[in-house]
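Read the figures in this text as sums done on the coordinates, not as results from a lab. Computed from a predicted model, the values in this text were never measured in an experiment. Every residue, glycine among them, receives a Cβ derived from its backbone with ideal geometry; neighbour counts consider all protein chains shown.
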Amino acid sequence: MADLNGKLEGGLRVRGIHPVAVPGKPLVSIVTVVYNGAATLERTIQSVLAQDHPSIEYIIVDGGSKDGTLDIVRRYEDRIAYWISAKDKGIYDAMNKGRGALHRRMGGHDQRGRLVRGGCRIPGHARGGRRGDGEHRSW
């Protein structure tokens, strides 16, 4: 769905489906920031979705890619909590958009995230994530 500024967004949240933590397990949010990462993004998405932690919220922030990145994101839309695609001012602006999406979900409570490249690993809960080679980051 696009707005007047050319922003596209989708995912479960847009359809009114919000993440819920499994009792006794924290809700872990993973944000991937990407721009023209079609060559490697799918591998990162698959790595995140393969994690065995039961309460994962996955968010993707795209900087307005023109290389098929959104086609990949849309293929996994039914397993992504939220995705947004809009031109940004660079990776730090994109990371701030991801933090903003988390901040809105948490009702203003701040949580710390760890920036990693490509896939991610949740210690004690997840199988090894893969390191992506494209121009995208997850934290």
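For the range 1-76, which trypsin sites (Lys or Arg not before Pro) are in a loop by DSSP, counting at most 10 other Cβ atoms within 10 Å?
K66
Under 5 Å between amide hydrogens, which residues at least 5 positions from I80 or on another chain qualify, with H placed 1.01 Å from N in the peptide plane?
Under 5 Å from the amide H of I80: L12.
Tell me which residues come under 5 Å, amide H to amide H, from A38 once H is placed; ignore anything under 5 positions away on its chain.
Amide H to amide H, under 5 Å and 5 or more residues apart or across chains, A38 pairs with T69.
With θ set to phi - 60°, apply the Karplus curve 6.51 cos²θ - 1.76 cosθ + 1.60 along the range 70-80 and write out the HN-Hα couplings as whole Hz, x wherever there is a Gly or Pro.
These are the phi-based 3J(HN,Hα) values: 5, 4, 5, 4, 5, 5, 10, 4, 6, 10, 9 Hz.
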